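Rule-based calculations on the coordinates, nothing more; no lab input. These numbers come from a predicted model, not from an experiment.
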Amino acid sequence: MERDRPPFSIPNAPLHLRPNPTDGLLAVDMSPWKGQPVQIQVLNAQGRLVLSRRYDIENEWIELKLNDDLKNGLYYLIVQPTGGEQVATRFVLQR
């Protein structure tokens, strides 16, 4: 079993965020899902859910504030549009 493999696939998809590494405030490009409801989840490197929020996407970018109690390290951001395909990317939290 590979330790560094996420519990999901990360396809070549239009999911961009900045800055990476982040100090806890991420800007996420949501332009592919403008006008749609989405579920955004953040998983830690072990695949545990650490954040889950629903958004109705009205703007091209959203700001996502990470919980202050999250430790530095690798995380995965997953966007799941209603009725659409899940898209994921990774980022590093470094405070």
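Of note:
- Scattering curve values for the chain, log₁₀ I(q)/I(0), Debye with Cα scatterers, q = 0.13, 0.15 Å⁻¹: -0.41, -0.55
- Under 5 Å from the amide H of Gly24 lie the amide H atoms of Gln94, each residue being 5 or more positions distant or on a separate chain, with H modelled from the backbone and absent for Pro and chain starts.
- Centre-to-centre separation between the Cα atoms of the range 24-42 and those of the range 81-95: 8 Å.
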